[in-house]
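Scroll down for the structure; my scribbles are underneath it.
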Amino acid sequence: MQVLVTGASGFIGRRLGAALVTEGHEVRAMTRRVDDYRGAGKPVYGDVRDADSLRAALEGCTAAYYLVHSLNDRRFAERDAEAARAFAKAAKAAGTERIVYLGGLGAEGGELSEHLSSRREVESLLGEAGVPVTTLRAGIIIGHGGISWEMTRKLVERLPLMVVPQWVRTRCQPIAVADVVHYLVRVLDAPGALGRVFEIGGPDVYSYLDMMRRLAVIEGRYLPMLPALVPMVGPVTWLSARWVALFAGVDAHTSRSLIDSMNTEVVVHDHGIEEVVPYEPMGFDDAVLAALEERARETRAG
């Protein structure tokens, strides 16, 4: 099958492209920097803000993976909505038969952060033109280079003292990046997957605090904790975001968006994926060890 992968050089996209090629698919890797692309598949130029480029990139593709979002942009929700509408129209015009989208967990009808609300809006907009959309919703994805994972790892490794705000007690269900890629590949042509929404996660459910404590144990570190003396809202949340950004090496706007999302429980409630793609994802410890080993290999390689 000829498949377009957007975000082909990103955290998920570069792994997905390689996995799809291994499965025998013909991969078109959409990128804005064709000459610099070194990943799997054939690089093709495409920009979600350029409708003509999208039509050209999608031409001849039976399916397309949508892995694009602009979290580091202050107008990310608006920009992501515009991009999703453009992509949906281009996919319809190109005769693409299905779109596979990686979105975010969060209970239906529950209060979602701006980040998670945007991911849910994109999910809806991608189907507006009539192309069936298969959605996988995931929480924090553990893997070297993933922004949520790297923020968590760097906080554990770098913070001299962890002030414990309310959000660290929110429950989450992390999943290894290798398992996310497995599900993305398998839903492409799995009977019963077309046009459906699936929730995916690993077998372990933790609070963010417990997750960081477990990571500290795995790395052999001590993680000092101090309970927050004031509610983490308004200006205090912004100050916390800047503190996290400083130690985690991300911009303050991205940090704020992710912290806001961490007030929302991201746990799998619908287990429909188990019927369509029977599979046992790895546990938290194994996912962490795999991420740390990949980072060590990359460091050794220079």
Return the residue satisfying two criteria in turn: it lies in the stretch 108-143 and is touching a strand residue (DSSP E or B) at 6+ places or on another chain (Cβ under 6 Å) and among the small types (G, A, S), and of such residues it is farthest from P281 (Cα to Cα).
G127
Please find, within the stretch 1-26, the residue that is nearest to the chain's Cα centre (by Cα) out of those that are within 16 Å of L102 (Cβ to Cβ) and β-branched (V, I, T).
I12
Within the stretch 134-143, is even one residue among the basic types (K, R) and modelled with pLDDT of 95 or more?
yes
For the stretch 266-278, how many residues are at pLDDT 95 or above and within 22 Å of H144 (Cβ to Cβ)?
0
Quickly run through the stretch 111-141 and pick out the residues that are of a type in the set (A, V, I, L, M, F, W, C) and farther than 18 Å from H69 by Cα.
A129, V131
Please go through the stretch 36-70 and give me each residue that is closer than 20 Å to V185 by Cβ and of a type in the set (K, R), ordered by number.
K42
The stretch 15-24, subset free of Cβ contacts under 8 Å to residues at least 60 places away in the same chain and on the phi < 0 side of the Ramachandran plot, residue surrounded by the most Cβ atoms within 10 Å (Cβ to Cβ):
G17
Looking at the stretch 74-94, which of the residues that are charged (D, E, K, R) and either in a helix (DSSP H, G or I) or in contact (Cβ under 8 Å) with a residue 24 or more places away in the chain (or both) is surrounded by the most Cβ atoms within 10 Å (Cβ to Cβ)?
D80
Among (1) surrounded by 16 or more Cβ atoms within 10 Å (Cβ to Cβ); (2) farther than 28 Å from I140 by Cβ; (3) of a type in the set (D, E, K, R); (4) in contact with a Pro (Cβ under 8 Å, 6 or more places away or on another chain) - the single one E97 does not satisfy:
(1)
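I'd like the full set of residues that are surrounded by 18 or more Cβ atoms within 10 Å (Cβ to Cβ) and over 22 Å from A93 (Cα atoms), limited to the stretch 26-52.
Passing the criteria: Y37, G39, A40, G41.
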Looking at the structure I just gave you, is A178 among the small types (G, A, S) and modelled with pLDDT under 65?
no
Subset of the stretch 277-299, residues in a helix (DSSP H, G or I) and in contact (Cβ under 8 Å) with a residue 60 or more places away in the chain, comes to F284, D285, D286, A287, V288, L289, A290, A291, L292, E294, R295, E298
Those residues of the stretch 64-73 which are surrounded by 24 or more Cβ atoms within 10 Å (Cβ to Cβ) and not aromatic (F, W, Y) amount to A64
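Any residue at all in the stretch 107-117 that is over 21 Å from V48 (Cβ atoms) and crowded, with 16+ Cβ neighbours inside 10 Å?
yes
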Among (1) closer than 19 Å to V266 by Cα; (2) assigned to a loop (DSSP other than H, G, I, E, B); (3) at pLDDT 95 or above - the single one V131 does not satisfy:
(1)
What single numbered condition from (1) modelled with pLDDT under 80; (2) surrounded by 20 or more Cβ atoms within 10 Å (Cβ to Cβ); (3) touching a helix residue (DSSP H, G or I) at 6+ places or on another chain (Cβ under 6 Å) fails to hold for M212?
(1)
Looking only at the stretch 48-73, filter to residues that are without any contact (Cβ under 8 Å) to a residue 40 or more places away in the chain, out of contact with any helix residue (DSSP H, G or I) (no Cβ under 6 Å at 6 or more places or on another chain) and not small (G, A, S); which one of those is farthest from E121 (Cα to Cα)?
D52
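The values are calculated or read from the model by the stated rules, or taken from the named source; none is laboratory data. This structure is a prediction, so every number in the text was calculated from the model and none was measured. Note that we place each Cβ from the backbone using ideal geometry, even for glycine, and neighbour counts take in every protein chain shown.
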